[in-house]
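Okay, structure first, notes after.
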Amino acid sequence: MAEAERITGTPETGPESRPEAAAPVPEGNAAEPARPDGAGAAAGGAARKGKRRIGTLFLVAAVVYLLDLGSKALVVAKLEHHAPVEVVGSLLRLEVIRNRGAAFSIGEALTIFLTIIATIVIVVIIRIARKLYSLPWGIALGLLLGGAFGNLTDRIFRTPGVFEGAVVDFIAPAHFAVFNLADSAIVCGGILIVFLSFKGLDPDGTIHKD
């Protein structure tokens, strides 16, 4: 039969003669729907970022603010106009000091200017929060925000007047400036931000190499 078809020119009709048999489609390609250009990259970027950390930022800020506010109210009520309380002998004491300057009693003649700076810092942190996807950055910015709000509250509501109020400091280590919990949170947040920047981690969760 095959010999007769060869002589007469009739094509064979077996499965090997079909066009689709000559060019098999690789498995998986036929079932995979086509994606618009860039859709895969966008999905990968979203997966890398994860969820926003605004809640972490404001939770840390709230804890710092409440601890600072409560500690200041307590020491003013119990310790102001009294002798310093020794916590660790002469190495660490609790002593209420009214500070019109920055952290650690720096710049006492610049109270209004420091109030403006603290306000700007708060606004900048809130703007950064819109693109915050990094947990460590959320903690660091929360420390800064809570500390800034704590000292700003003193500057607005304490004597001698609005935006000129003296900040309550009470932690007095030996041979060091007197400070408060808000100052400690600001310093710890700043150190953490420097560390994260050194490691190449951005607030949006991306990591870059210099």
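The values are calculated or read from the model by the stated rules, or taken from the named source; none is laboratory data. Please read all numbers here as calculations on a predicted model, not as lab measurements. Note: ideal-geometry Cβ built from the backbone for every residue, glycine included; neighbour counts use all protein chains shown. Protein only, heavy atoms only, side chains kept; ligands, DNA and RNA dropped before computing areas. Shrake-Rupley method; radii C 1.70, N 1.55, O 1.52, S 1.80 Å.
I want to confirm something. Restricting to the range 188-210 and keeping residues that are closer than 28 Å to L92 by Cα and not hydrophobic (A, V, I, L, M, F, W, C), which single residue is nearest to the chain's Cα centre (by Cα)?
Per the stated criteria, the residue is G189.
Which residue out of A174, A185 is over 25 Å from the mean Cα position of the chain (by Cα) and closer than 30 Å to G89 by Cβ?
A174
Check whether at least one residue in the range 135-151 is out of contact with any Cys (no Cβ under 9 Å at 6 or more places or on another chain), modelled with pLDDT under 90, within 30 Å of P203 (Cα to Cα) and assigned to a helix (DSSP H, G or I), and report yes or no.
No, the conditions are met nowhere in the range 135-151.
Residue by residue through the range 110-134, note down the ones that are farther than 30 Å from H208 by Cα and outside any helix (DSSP H, G or I).
L110
Condition first: open to solvent by 10 Å² or more (accessible area, probe 1.4 Å) and over 20 Å from L59 (Cβ atoms). Now tell me which residues in the range 145-162 satisfy that.
R155, I156, F157, R158, T159, P160, G161, V162
Only one of (1) farther than 30 Å from L201 by Cβ; (2) open to solvent by less than 50 Å² (accessible area, probe 1.4 Å) is not met by H81, so which one is it?
With (1) farther than 30 Å from L201 by Cβ; (2) open to solvent by less than 50 Å² (accessible area, probe 1.4 Å) applied to H81, the lone miss is (2).
Just one of the numbered conditions (1) modelled with pLDDT of 95 or more; (2) of a type in the set (F, W, Y); (3) at positive phi is not true of F104; which one?
(1)
Would you confirm whether any residue within the range 152-168 is assigned to a helix (DSSP H, G or I), at pLDDT 85 or above and under 30 Å from D202 (Cβ atoms)?
Yes, the range 152-168 contains at least one residue that is assigned to a helix (DSSP H, G or I), at pLDDT 85 or above and under 30 Å from D202 (Cβ atoms).
Taking the condition closer than 26 Å to E95 by Cβ and either buried (at least 19 other Cβ atoms within 10 Å of the Cβ) or of a type in the set (D, E, K, R) (or both), does V168 pass?
Judged against the criteria, V168 is a match.
Could you pull out the residue among F149, F195, F170, F179 that is of a type in the set (F, W, Y) and free of Cβ contacts under 8 Å to residues at least 24 places away in the same chain?
F195
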